[in-house]
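Notes to accompany the following structure.
Throughout, read-outs are computed from the coordinates displayed, never taken from laboratory work. Small disclaimer: the values here were computed from a predicted structure and weren't measured. As a convention, Cβ positions derive from the backbone with ideal geometry for all residues, glycine included, and neighbour counts pool all protein chains shown.
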Amino acid sequence: MFPMTQLTAETGQSHGANPVFAPEFAALRKHLPEGPPRHPILLRYEAEAGWLVAHGVEPGLARAAAARAAAIFGMDEDGPADGSASPPWRAPMAADISPGPLRLAALFGLGADAAERLHEVWGLLGTADALMETGGDIRLTRDPKTALNGYGCSHRPRPWAITFASSTASSSSARGYIAADKARLAVTAALLRGALRAKAVDTCIEAARRGIAKGFGLRAGEEIVLAASGTDTELLALALTHLAGTDKPILNILIAPEETGRGVPMAARGLHFAVDTALGHDVTCEAPIEGFRRDTALANIPLRDASGVVRMAVVVEAEIEAALAGALAAGKRVILHGLDLSKTGLLAPSPMFLAKLRAVYGDAFDIVLDACQVRLSAASVRAYLDLGATVLVTGSKFFTGPPFAGAALLPAPVAARLQTGALPAGLAAYFNRAEFPVNAPAARDLPEGGNYGLALRWHAALAEMRAFLRVSPVRRAEILRGFAAAVERGISATPGLTLLPAPPLSRTSTEENWERLPSIFTFSLRAPHASGRCLAPVEARQVYMWLNTDLSAWMPEQPEIAARICHIGQPVPLAQPDGNGQMGALRVSAGARLISGEPSHRALGPRARLEREFTDVGVVFAKIGLILANWEALCAADPSPCYRSRGLSSSP
């Protein structure tokens with residue numbers, strides 16, 4: 001059974017699709033063999049082998065590399081080999097560990113040198129989705145029961161899912177997947193033609209770096225360091241302050257860390273923030289990382305009061321300046337964070353306030369701007385860089401690329417620090433040398449090579465970035481206004497939901513109109529089983545999970561809504577309205593893909609496409625209403641999320 005299905009934009013219904021039209025085959029389409037229908041694994045094998053041969057790879061090696069990709073593709077499609085229908089190489093070529101040069105030579109008629117080459121690059125061969133799952137921590141691992149990772153999404157396209165999850169993470173679109181697959185094929189061909197492993201991957205990383213620089217308009221002297229996640233960039237920012245040429249203890253002023261990432265306060269002190277790292281090292285969470293100062297302290301500036309209400313900007317900024325001035329007077333080096341934006345769409349402090357502090361205190365402190373949501377223009381990024389701020393970005397939030405695609409944009413004065421000294425030794429568990437600029441002596445002791453999975457994820461994100469940038473700022477604003485209206489209608493129509501207010505956004509005179517508009521909408525859910533309070537964080541997480549689940553078996557009275565897969569932002573813990581305990585607030589967000597156009601909707605005209613998107617917003621809230629109305633039954637059943645609904649799992 002091969003559930004190669006595709007969603008039609010016009011009806012939203014599933015139909016058996018020829019694999020020729022699947023994103024997994026898009027880069028290979030010109031090399032699909034003619035003739036009678038073939039087993040999808042063999043079709044994939046023949047198409048990829050043809051592509052590699054056409055790009056200068058010796059036929060035997062091309063067949064072997066194509067067999068590995070096809071075997072992994074088959075595992076994703078229908079599980080383990082089923083005997084007679086499978087080619088003899090399927091099981092050994094799908095294995096995580098190479099079967100060895102002798103076995104490879106026997107399977108594909110390879111000479112000793114060719115078989116050894118294939119064996120040596122085994123870990124860099126496979127499908128784009130399998131390779132994009134590497135180079136991150138445990139959250140990237142797919143659950144074999146659901147085929148989803150820790151973010152509830154997939155590196156394979158999932159066009160049947162309604163996705164407004166860009167505040168957390170999104171599944172790849174066809175556009176992003178194809179871009180990553182083209183980059184993968186280029187690296188595979190280079191490796192098989194004899195390129196050094198490090199050179200092939202470094203070329204892929206440098207291409208991603210150039211794309212990021214172009215998208216954000218970086219200038220001469222400004223640099224980019226790639227990082228597996230936004231939290232990894234936080235650790236990098238602390239390391240860069242270690243290179244500032246002072247031996248002072250550090251005070252790291254964080255803005256609302258509860259609304260950034262749970263690992264940020266640990267990374268900001270130079271502590272391990274998980275049980276494993278992006279490079280696969282097992283570590284002890286909250287243990288010190290070698291080479292980072294042990295006396296780094298934190299000052300946390302909250303953006304909400306004890307009842308969850310957003311605090312006045314003037315009060316927040318006064319606390320920031322008091323902490324900064326006090327630390328400088330005490331002889332400390334200060335890192336001041338800015339937040340643009342938080343998980344719930346808050347901005348603090350204002351760029352004008354940061355400019356005032358820079359004018360008063362000069363370069364006695366570092367500014368690190370957490371812009372990991374990237375809901376701002378290149379002009380706004382430029383304004384932060386001109387203040388000397390290190391700007392932390394990702395391709396995996398607003399731009400809807402795969403999760404775990406981070407980067408730090410370094411202003412010229414900070415980039416210059418990479419020319420002297422050495423980065424903390426423990427950073428080698430998180431970064432390779434190739435993630436840093438080529439001319440960065442401070443990174444000389446990092447492991448040679450680069451994070452290939454990270455590079456592919458950035459290639460996917462850059463495809464979304466380029467599509468977004470092709471849309472005029474005026475049109476972006478129009479779409480965001482329409483999305484806001486759809487969200488407000490959906491919340492108003494759903495009993496028990498309350499939209500949480502957020503202050504208006506304001507940066508500089510150069511910002512574009514669309515940046516001022518909200519794109520993250522946070523809402524509370526009244527508990528259906530406990531009057532007088534909202535759902536607690538663990539309960540809100542159940543709603544989040546069940547939205548991502550086909551619930552038609554438990555709610556047969558409305559199967560067309562219950563079966564829809566809806567992926568939204570993970571719950572954020574906020575204060576209950578009465579200040580007694582915490583609630584879990586959920587989020588729906590507009591991502592770049594809403595503005596540029598979800599590729600699976602390409603058959604629709606612009607107006608019809610947006611009507612479809614805004615209708616889908618209503619479906620999300622209708623399904624939330626069903627979940628709350630059937631709370632007890634769902635708690636008893638506790639259904640699990642799924643890659644696709646049952647209605648989309650039939651074989652062609």
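Brief remarks on what is shown
- 24 Å Cα-Cα threshold exceeded, pairs from Lys214/Lys397; Lys182/Lys214; Lys199/Lys397; Lys30/Lys145; Lys145/Lys343: Lys199/Lys397; Lys30/Lys145; Lys145/Lys343
- Only Lys, Arg (+1) and Asp, Glu (-1) charged, at Cβ; the chain dipole about Cα centre in debye: 1160 debye
- For Gln582, the amide hydrogen comes within under 5 Å of the amide hydrogens of Gln576, counting only partners 5 or more places away or on other chains and with H modelled in the peptide plane.
- Computed from point charges on the beta carbon alone (+1 for Lys and Arg, -1 for Asp and Glu), the dipole magnitude for segment 217-447 about its Cα centre is near 300 Debye.
- Theoretical ellipticity at 222 nm over the chain - DSSP helices of four or more residues, -39500 (n - 2.57) apiece, nearest 500: -12000 deg cm²/dmol
- Cα centre as origin, Lys/Arg/Asp/Glu Cβ charges: segment 19-125 dipole, Debye: 180 debye
- The protection proxy used here, the mean number of other Cβ atoms lying within 10 Å of each residue, ranks peptides 412-418, 200-206, 546-552 as follows, highest first: 546-552, 200-206, 412-418.
- Ordering Asp616, Asp282, Asp276 by the number of other Cβ atoms within 10 Å of each residue's own Cβ, fewest first, gives Asp282, Asp276, Asp616.
- From most to least packed by mean Cβ count within 10 Å, the peptides 61-71, 489-499 give 61-71, 489-499.
- When the alpha-carbon atoms of the chain are used, the pair Rg, Dmax equals 24.9, 79 angstrom.
- Considering only Ala389, Pro424, Ala268, the residue lying farthest towards the positive end of the dipole of segment 217-447 is Ala389, judged by Cα position with unit charges set on Cβ.
- Working note: Karplus 6.51/-1.76/1.60 with θ = phi - 60° gives segment 140-148 the couplings 7, 6, 6, 6, x, 7, 10, 6, 10 Hz, where Gly and Pro are set to x.
- Our summary gives segment 19-125 a relative contact order of 21 percent, counting only alpha carbon pairs under 8 angstrom and 6 or more residues apart.
- Under the span-like rule (Cα at least 30 Å along the axis, Kyte-Doolittle mean at least -0.5), DSSP H helices of the chain: 606-629
- Segment 492-545 and segment 557-605 have Cα centres spaced 10 Å apart.
- Dipole of segment 19-125, positive direction: furthest Cα of Phe73, Leu118, Leu52, with charges on the beta-carbon: Leu52
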